[in-house]
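Student: Take a look at this one; I'll ask things after.
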Amino acid sequence: MQKKIPALTLAAMLALSGVAHAVTPAATPAANEAATARHFAALVSGTQPKTAELNLFFSMMPKGGDLHHHYSGAIYAEQFLDWVDKENYCVNKTTYRIESQKDVIAAERAKPAGQRNCLSSSEVFADPGLYAELLQRWSTKDFYNHGGIQTPPDRTFFDTFGYFGPVASTNTADGLKTLKQRAIAENLSYIETIFELSPFISNPQFDQQALAPGLTPAALHTLLAGWTHNLEQDAAFQKSITAYNDNVNTSSAGIDDANFTMRYQAYVLRFLSPSQVFSSMVAAFKAASLNPLVVGVNIVGQESVNVSMRDYSLHMEMFKFLKAKYPHVKIALHAGELALGMVPPEGLAFHIAEAVDVAGADRIGHGMDIAYEHNALATMQKMRERGIPVEVNLTSNDYILGIKGQAHPVTLYRKYGVPFVISTDDAGVSRNTLSNEYVLFASQYKTDYAEIKKLSYNSLRYSFLADADKQRLLKALDVRFAKFEAQVAASDQPVKGSKP
Ligand SMILES: [Zn+2]
């Protein structure tokens, strides 16, 4: 029979069991930092990094910002499934695609439950096999885990966006709230999310002219100036820019507070036609110039596909043109997200250089092909001197490009003093966290606490935040680090009876 014991506080229980640490005199911040550095060194020394301990360390560590973050790629499939019901859509159980056509959905609903081909999310959840396979299509889950859908990884990755696409831009306020809560839970104070596709229109005549062989940059700029002028007179197009900003404002209401800040980048899709890409860029720059929440413009989409490769230099000239028109609008460009063999070798030779030299990129996303670029050393020198950082996405690069460890160019950027930040890319598709990106960095590359801490600060320093906001967040990061280091220093005492 169990004897009743009076309730004890946790501290009293620890004291009784002899686990409590000896009370030490209040440590100075410098001593705490030194203790944290020693603690971290012990986690990465030896033949194998202590991965579980690194998971704990980085879950707790303040991580500043996440600067390469795709909103729709950050939402988990589970939440998209909830939105399927909210929108009154259903999921085709054969193709795993979302059905959004009202007449098809109505016809499906009229069938008896067992005979429907299009399911609600609760019906998907109720069928474990179907649900498991859906997760493998709507994310990269299980790819390396014998049950995975074995299309090539880059296709699996980019295809996910087509699966959840019909609900990706619905319920954005809910989505941003989830991302905020998740960020706070892992001690992340800022996200700069690549939010929604900037509006665009098609112009076949412009497409023909922009792709005309032998078009000089000067002639191209005349063409761009002419159409920009027309777009400014186009009331419907201007209205779509206002609608873009209205959506940012509505979706983000209530997100910013004392603990967390979110900013937004408008993006263009690099595999659309030249007129679509350019009008989208015009809208994105205009939106950013009008809305303080929209702090930058990005260009996204698979870089290795035909149109993205064909129009790469054209896009960089378009950015140059708009950067001159809107010098205060920042641009972060996905550039060089390519691996050897994905495209012919000459395609690997210039993307980062042109993003820096022609487009005037403020940050480079991925920067993976640098080792194959003709002017790699000169480009890296410029990036170092001008303070143009690379957004490093280790999980994504490993998955999409098959590049990791010593083959990853972060080794070159470190060697040549190019600043960089650690970011997630698409944490929902990869089912990953920013903390884990730090774990990967710390386990794959010989590093120390000073570099890790700098990376966290870099992710605010190189953000596109307005200066006052940046200073406020940096100050708050000081406080967060002081608290974290005090915690680590206090916990870094031998626990009686523990196994090292
Ligand atoms: Zn990306």
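Student: Along the Cα-to-Cβ line of residue 97, 7 Å from the Cα, sits a label point; which residues in the range 108-132 have backbone N less than 17 Å from it?
Tutor: Taking a point 7 Å out along Cα→Cβ of residue 97, the residues of the range 108-132 whose backbone N falls under 17 Å are 108, 117-119.
Student: Taking the Cα atoms of the range 394-500, report the difference between the largest and smallest coordinate on each principal axis, in whole Å and largest first.
Tutor: 46, 43, 32 Å, listed from the longest principal axis down.
Student: Quickly work out the residue 305-to-residue 384 label distance, labels modelled 7 Å from Cα along the C-beta direction, and quote it in nm with one decimal.
Tutor: Distance between the two pseudo-spin positions: 3.7 nm.
Student: Which of the residue pairs 330/453; 180/475; 63/470; 320/382; 454/483 have a Cα-Cα distance greater than 23 Å in the structure shown?
Tutor: 330/453
Student: Contour minus end-to-end for residue 478 and residue 328, with contour as 0.36 nm per residue of separation and end-to-end as the Cα-Cα distance?
Tutor: Result for the pair: 51.2 nm of gain on full extension.
Student: Right, another one. Rank by packing, highest mean first: peptides 230-240, 346-356, 201-211, with packing defined as the count of other Cβ atoms within 10 Å averaged across residues.
Tutor: The densest-packed peptide leads the list: 346-356, 201-211, 230-240.
Student: Please give the contour-minus-distance gain from residue 450 to residue 48: 0.36 nm per residue of separation, less the Cα-Cα distance, rounded to one decimal in nm.
Tutor: Extending this stretch completely gives an extra 142.7 nm.
Student: I would also like to ask the following. Between residue 34 and residue 496, take the C-beta separation as r, use R0 = 35 Å, and let me know the FRET efficiency to the nearest 0.05.
Tutor: Efficiency at R0 = 35 Å is approximately 0.90.
Student: Distance between Cα centroids, the range 96-121 to the range 426-500: provide it in whole Å.
Tutor: Taking the Cα centre of each part, the range 96-121 and the range 426-500 sit 46 Å apart.
Student: Then there's this: Please report, in whole Å³, the volume per residue of the convex hull around the C-alpha atoms of the chain.
Tutor: In the chain, the Cα convex hull volume per residue is 204 Å³.
Student: Figure the gain on full extension for residue 150 and residue 181 (residue separation times 0.36 nm, minus the Cα-Cα span) and round it to one decimal in nm.
Tutor: Working it through step by step, the gained length comes to 7.9 nm.
Student: Next question. Efficiency by 1/(1 + (r/R0)^6): what FRET value for residue 55 and residue 235, r their Cβ-Cβ distance, R0 = 56 Å, to the nearest 0.05?
Tutor: 0.55
Student: Considering amide H positions built from the backbone, and no H for Pro or chain starts, which residues 5 or more places from residue 338, or on another chain, come under 5 Å of its amide H?
Tutor: Here 368, 369 satisfy the definition.
Student: Before anything else, pin down the relative contact order of the range 277-399: Cα pairs under 8 Å, at least 6 apart, normalised by residue count, whole percent.
Tutor: The value is 23 percent.
Student: What's the FRET efficiency of residue 222 with residue 169 using the Cβ-Cβ distance as r and R₀ = 35 Å, to the nearest 0.05?
Tutor: Plugging the Cβ-Cβ distance into 1/(1 + (r/R0)^6) gives 0.50.
Student: Which far-off residues, 5 or more places away or on another chain, put their amide H under 5 Å from the one on residue 203, with H placed in the peptide plane?
Tutor: 275, 276
Student: At 7 Å along the Cα-to-beta-carbon direction for both residue 290 and residue 411, put a label point, then send me their distance in nm to one decimal.
Tutor: 4.8 nm
Student: Using the Cα centre of the range 217-372 as the reference point, and only Cβ charges (+1 on K/R, -1 on D/E), how large is the resulting charge dipole? Debye, rounded to the nearest 20.
Tutor: Using Cβ point charges on Lys, Arg, Asp and Glu, the range 217-372 gives about 260 debye.
Student: Expressed as an acute angle from 0 to 90° and rounded to the nearest 10, what is the orientation of the C-alpha long axis of helix 77-86 relative to the principal long axis of the chain?
Tutor: Roughly 60 degrees, rounded to the nearest 10.
Since every read-out is calculated from the coordinates, none of them should be taken as a lab result. This structure is a prediction, so every number in the text was calculated from the model and none was measured. Note that each Cβ is placed from the backbone with ideal geometry, even for glycine, and that neighbours are counted across all protein chains shown.
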